[in-house]
1. Quick check: is even one residue across the range 196-205 touching a helix residue (DSSP H, G or I) at 6+ places or on another chain (Cβ under 9 Å), under 17 Å from residue 140 (Cα atoms), outside the structural domain of residue 111 (by TED's automatic domain parsing) and part of a strand (DSSP E or B)?
2. Of these, 187, 176, 195, 169, which one is in contact with a strand residue (DSSP E or B) (Cβ under 6 Å, 6 or more places away or on another chain), within 26 Å of residue 42 (Cβ to Cβ) and surrounded by fewer than 24 Cβ atoms within 10 Å (Cβ to Cβ)?
3. Mind telling me which of the residues 214, 166 ends up being touching a residue at least 40 places away in the same chain (Cβ under 8 Å), closer than 29 Å to residue 56 by Cβ and not in a loop (DSSP other than H, G, I, E, B)?
4. Which one of these is modelled with pLDDT under 95, in a strand (DSSP E or B) and surrounded by fewer than 19 Cβ atoms within 10 Å (Cβ to Cβ): 32, 103, 78?
5. With 225, 181 as the choices, which residue is closer than 27 Å to residue 42 by Cα and under 20 Å from the mean Cα position of the chain (by Cα)?
6. Tally time: how many residues in the range 179-195 are under 12 Å from residue 220 (Cα atoms) and in contact with a helix residue (DSSP H, G or I) (Cβ under 9 Å, 6 or more places away or on another chain)?
7. Residue 87 - would you say it is at pLDDT 95 or above and part of a loop (DSSP other than H, G, I, E, B)?
8. Identify, please: which residue in the range 81-100 is surrounded by 16 or more Cβ atoms within 10 Å (Cβ to Cβ), out of contact with any helix residue (DSSP H, G or I) (no Cβ under 9 Å at 6 or more places or on another chain) and free of Cβ contacts under 8 Å to residues at least 40 places away in the same chain and is, among those, farthest from residue 54 (Cα to Cα)?
């Protein structure tokens, strides 16, 4: 099990946006693990469709585009006004919209869905689609889902959190022992987490990965503070992992 000491006291992430993680790294963090120092530069990924917070706010709806891929969108989905066009190019049109209710897969809250169309043999058609989580890209770390361990749920007087971190990158179904990084910021009203995994070296098969236990130390008892994943846009409360 990996044990992570609490981060330097003081806020490193506002509730709504991820800031630099290098200043709040856990003990033993790699020197190349960092996020952009400018929060506006943080890139969020939805299975290949990417955005920043500003680009998300400014993205035009698909139904207002003059683009050859719009008809393929209309044939594949409804409510084109809900889809935010984030990847507009001559050879591809990709968009994301909020998903309500969210899709729950192994405890992960996938609260958005993506749809990408592209010309195949001269005909525009869907090439990628499905639910996703808009998750911040961290330099030196791959994406991860952070969950509460159902066997050790936190109580108000606890000063440690028992987490399960699931690597999203291909890892041949192996646990991420020794490769997990969890960054912590304690605020008066919530505990903020950002989790990532250093990817395996060399090739790896793509299959489901098991959860990796991680213990995070807090500076103060948890109390009634919610535990929030601020690598997500928007941030989401960390859920309990499904029992296996």
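1. Taking every residue of the range 196-205 in turn, none turns out to be touching a helix residue (DSSP H, G or I) at 6+ places or on another chain (Cβ under 9 Å), under 17 Å from residue 140 (Cα atoms), outside the structural domain of residue 111 (by TED's automatic domain parsing) and part of a strand (DSSP E or B).
2. So the residue among 187, 176, 195, 169 that is in contact with a strand residue (DSSP E or B) (Cβ under 6 Å, 6 or more places away or on another chain), within 26 Å of residue 42 (Cβ to Cβ) and surrounded by fewer than 24 Cβ atoms within 10 Å (Cβ to Cβ) is 169.
3. After ruling out the rest, the residue left standing is 166.
4. Of 32, 103, 78, the one residue that is modelled with pLDDT under 95, in a strand (DSSP E or B) and surrounded by fewer than 19 Cβ atoms within 10 Å (Cβ to Cβ) is 103.
5. Criteria check complete, one pass: 181.
6. Number of matching residues: 1.
7. Spelling it out, it is not the case that residue 87 is at pLDDT 95 or above and part of a loop (DSSP other than H, G, I, E, B).
8. Out of the qualifying residues, it is 92.
The values are calculated or read from the model by the stated rules, or taken from the named source; none is laboratory data. Here the structure is a predicted model, which means the values were calculated and not measured. Glycine also receives a Cβ, built like all others from the backbone with ideal geometry; neighbour counts cover every protein chain displayed.
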